[in-house]
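Here's the structure we're looking at; comments come further down.
The values are calculated or read from the model by the stated rules, or taken from the named source; none is laboratory data. Owing to the predicted nature of the structure, the values given are computational and were not obtained by experimental measurement. Glycine gets a Cβ as well: all are built from the backbone with ideal geometry, and neighbour counts include every protein chain shown. Surface areas here come from the heavy atoms of the whole protein model, side chains and all, with no ligands, DNA or RNA. Shrake-Rupley method; radii C 1.70, N 1.55, O 1.52, S 1.80 Å.
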Amino acid sequence: MSNRKWVIPLSQVPDELTVSQYIFANTDLREVSKKIGSPKWSGHIQLPIRDELQVLKADVQTLLNQYPAYSYPYGIAPSTDLYRMIYLTYNPRSLNPQISNSTPTPKEHFPAEKLLGINYGKNSYNDTLALFERTEIARSLSLGKFLDQFERTLVRSRIGIQSGLMANNKLQTELSWHVDENIFINTRLSVPIVSSHNFSIEYTCWDPEKGAPHEVVQSFDLIEGFAYSFDTGRPHRFVAKQPSNEWRVNLICGFSPWFDFDREAQAWVSNQFYGEMHPIDMVIEGHVAAFLPKNFAHRLSSVLPREKISEPGNAETHSYHPVT
Ligand SMILES: [Fe+2]
């Protein structure tokens with residue numbers, strides 16, 4: 001348990017480190033996250049959202065007509081028009097045009113892929129805690145109001161748009177296994193805006209019966225009207241089960257669970273949950289976003305076991321790939 005409050009001004013982060021690397025090197029985050037261990041609630045969680053989905057759906061559709069979505073490489077899979085995205089956060093200091101603008105940058109304006117600083121290091125795509133400014137689309141219509149309800153700071157987030165035709169591309173689906181950041185740096189809430197039972201997420205976790213090191217693959221469908229969370233610091237992928245002409249539209253909202261960004265001080269500041277509550281438990285207990293139900297935990301207690309099937313995510317060198 002950590003009793004001190006950590007204040008990490010962006011100006012203190014040296015040029016050779018990302019914000020999270022600097023935090024890991026200069027705080028006790030690694031120790032306290034190991035001590036906090038697994039969340040009380042195993043596997044993935046599914047919570048009903050309180051907002052009017054039809055309004056959100058109509059507004060997101062309006063915005064998708066206005067803002068172009070582009071395909072980028074993800075994981076070790078090649079770029080495909082079957083999966084496109086629009087960023088909800090950006091970093092104006094980044095050299096990577098994919099994330100440096102408030103509006104989507106056409107791919108033809110991108111520099112050579114190998115340009116240093118695009119994917120690794122300070123202000124890169126993987127500098128998650130430097131990627132927190134809300135893009136234009138993320139401030140528009142009811143989508144903007146929806147995202148305003150986050151009580152934690154949004155970091156690297158996007159809208160993902162997936163074609164049901166991806167089911168035809170087994171290689172792409174296979175290659176899309178990947179890991180994202182340590183969950184204590186970026187915890188994801190996935191919110192399907194347009195979806196069906198044809199779309200699912202597969203993820204690995206420890207066997208609920210046997211625990212570590214017995215790993216199993218679990219899956220869940222992405223259903224409209226719910227928000228989902230799980231440890232994306234462990235391997236996972238998204239799947240279209242059968243070829244179809246549907247398009248899945250999903251908000252992938254990342255938030256920093258234990259550090260909130262203080263705009264006035266231009267600093268990340270540890271909050272009351274630091275070292276005290278697992279990020280997944282924060283989601284269930286109602287400490288993340290007002291569109292999630294408060295006190296949902298008591299409703300889960302009768303239906304979910306409390307096995308230990310997750311562990312703290314990987315180290316600060318989080319994503320082994322440039323884009324997801
Ligand atoms: Fe991911």
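Quick look at the numbers
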read-out: Pairs where the first residue, in the stretch 81-92, is over 17 Å from residue 124 (Cβ atoms) and hydroxyl-bearing (Ser, Thr, Tyr) and the second is open to solvent by less than 40 Å² (accessible area, probe 1.4 Å) and not in a loop (DSSP other than H, G, I, E, B), C-beta under 6 Å, 6+ apart; value: 83/162
read-out: Residues that are open to solvent by 20 Å² or more (accessible area, probe 1.4 Å) and either within 12 Å of the ligand (Cβ to nearest atom) or assigned to a strand (DSSP E or B) (or both), drawn from the stretch 241-250; value: 247
read-out: Filter result (surrounded by fewer than 14 Cβ atoms within 10 Å (Cβ to Cβ) and more than 21 Å from residue 189 (Cα to Cα)) within the stretch 8-59; value: 9, 11, 12, 14, 15, 16, 25, 26, 31, 34, 35
read-out: Residue satisfying condition, being modelled with pLDDT under 90 and crowded, with 20+ Cβ neighbours inside 10 Å, within set 91, 96; value: 96
read-out: Single unsatisfied condition, residue 2 versus (1) open to solvent by 10 Å² or more (accessible area, probe 1.4 Å); (2) within 29 Å of residue 281 (Cβ to Cβ); (3) touching an Asp or Glu at 6+ places or on another chain (Cβ under 6 Å); (4) at pLDDT 90 or above; value: (4)
read-out: Matching residues, the stretch 195-216, being of a type in the set (Val, Ile, Thr), closer than 25 Å to residue 291 by Cβ and surrounded by fewer than 17 Cβ atoms within 10 Å (Cβ to Cβ); value: none
read-out: Residue within the stretch 173-194 that is open to solvent by 20 Å² or more (accessible area, probe 1.4 Å), farther than 26 Å from residue 28 by Cα, more than 13 Å from the chain's Cα centre (by Cα) and modelled with pLDDT of 95 or more present; value: yes
read-out: Residues located in the stretch 217-240, provided they are open to solvent by less than 40 Å² (accessible area, probe 1.4 Å), out of contact with any His (no Cβ under 9 Å at 6 or more places or on another chain) and away from the ligand (no atom under 16 Å from the Cβ); value: 225
read-out: Residues located in the stretch 120-134, provided they are on the phi > 0 side of the Ramachandran plot and among the small types (Gly, Ala, Ser); value: 121
read-out: Some residue of the stretch 219-236 being touching a residue at least 12 places away in the same chain (Cβ under 8 Å), in a strand (DSSP E or B) and basic (Lys, Arg); value: no
read-out: Residue list for the stretch 256-281, filter: touching a helix residue (DSSP H, G or I) at 6+ places or on another chain (Cβ under 9 Å) and surrounded by fewer than 24 Cβ atoms within 10 Å (Cβ to Cβ); value: 261, 266, 267, 270, 273, 275, 276, 277, 281
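Residues checked against (1) part of a loop (DSSP other than H, G, I, E, B); (2) at pLDDT 60 or above; (3) over 28 Å from residue 212 (Cβ atoms):
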{"position": "252", "(1), (2), (3)": "no, yes, no"}
{"position": "257", "(1), (2), (3)": "yes, yes, no"}
{"position": "274", "(1), (2), (3)": "yes, yes, no"}
{"position": "287", "(1), (2), (3)": "yes, yes, no"}
{"position": "304", "(1), (2), (3)": "yes, no, no"}
{"position": "318", "(1), (2), (3)": "yes, no, no"}
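Residue-by-condition table, conditions (1) among the hydroxyl-bearing types (Ser, Thr, Tyr); (2) more than 16 Å from the ligand (Cβ to nearest atom); (3) in a strand (DSSP E or B):
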site: 126; (1), (2), (3): no, no, no
site: 152; (1), (2), (3): no, yes, no
site: 160; (1), (2), (3): no, no, yes
site: 165; (1), (2), (3): no, yes, no
site: 172; (1), (2), (3): no, no, no
